[in-house]
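Structure first, then comments.
Only the coordinates and a few stated rules stand behind these numbers; no lab work does. On a predicted model such as this, the values are computed, not experimentally measured, just so you know. No Cβ is skipped: glycine too gets one built from the backbone with ideal geometry, and neighbour counts run over all protein chains shown.
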């Protein structure tokens, strides 16, 4: 698929981050876009940034509130697209929605763990299930599933558990690779790609915490403050003299730095993804850090979870130790 003009693209998690930038760039190429997110206001901002008043006549952007981990909501999303986009087919499916959190089997609740897993993995699986019939009717189509570097390296550092997100992203990677032959045998006009971003500048830290806590507050809960105090202590930082307010400020700075100081912006990531789709690459690494980590893990997989491995890699690509 060398040209997106006139096509219909479905994007999950279109309210922020890479989903928002995918929508903006696809619309700029003349592609109709239907996005879902749990936040109507976030999607409204994406729609505004797409400069709808400047769109060619007939180009459509539609927004739909849906939780991708709930099949009935995805099916409603699909049915709304058929009605509002006046179509029985789509050409591009970006299963992009995801959250972090729930990293530990020990310090997080089962509800937190499964919320992350069910959105990051379930949203991809259910998304493909929901939209495959509409893709079957297209003359050509492409499924784009967002995994992560944590789909081949299950860590974000030695001092933080990362099991839910990593398990989900490994599942997305394996599922997409298995789809290559499944599609070749049963729907050869449909291609698929697995996207594995490194550190991308998005608000995933803040958004994930809000979703996990069920609140719109930017402040950490008492239990989150206590967990941060414990984790910083494990990192050798003396938190005994730090007040809860200082820890709140520390967390806010972490979230700001993750988004604003990332080596790859969400807009750059979206362009890499769309270029990869046009080139029919089934494996799309996003960011120099993703490429270097992939090389390192392949070179010495048995060393991938040693402290020295992480410290030297973080120093090389500029990741903060944690």
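What to note about this one:
- Inter-part distance where segment 114-142 and segment 233-290 are each reduced to a Cα centre, Å: 26 Å
- Label reach from residue 110 (point 7 Å along Cα→C-beta): in segment 158-177, amide nitrogens under 17 Å belong to 164.
- GNM flexibility winner over the chain from 206, 107, 116 (Cα, springs under 10 Å): 107
- Distance between the pseudo-spin-label points of residue 241 and residue 189 (7 Å out from Cα toward the beta carbon): 7.0 nm.
- Rough spin-label spacing in nm, given labels placed 7 Å along Cα→Cβ, for residue 88 and residue 292: 5.2 nm
- Stretchable slack from residue 271 to residue 159, in nm (0.36 nm times residue separation minus alpha-carbon distance): 37.0 nm
- Spin-label pair residue 65-residue 280: with each label point 7 Å from Cα along the Cα-Cβ axis, the two points sit 4.2 nm from one another.
- Residue exposure sequence - 143, 190 - by fewest surrounding Cβ within 10 Å: 190, 143
- Of 271, 300, 169, the one that fluctuates the most in a GNM where the chain has Cα springs shorter than 10 Å: 300
- As a calculated quantity, the FRET efficiency between residue 76 and residue 231 at R0 = 35 Å, using C-beta atoms, amounts to about 0.35.
- Cα centroid separation, segment 49-90 to segment 149-184 (Å): 28 Å
- Counting only DSSP H runs of at least 4 residues, each contributing -39500 (n - 2.57), and dividing by the residue count of the chain, the helix-based mean residue ellipticity at 222 nm comes to -15500 deg cm²/dmol.
- Most mobile of 95, 145, 186 in a GNM of the chain (Cα contacts under 10 Å): 186
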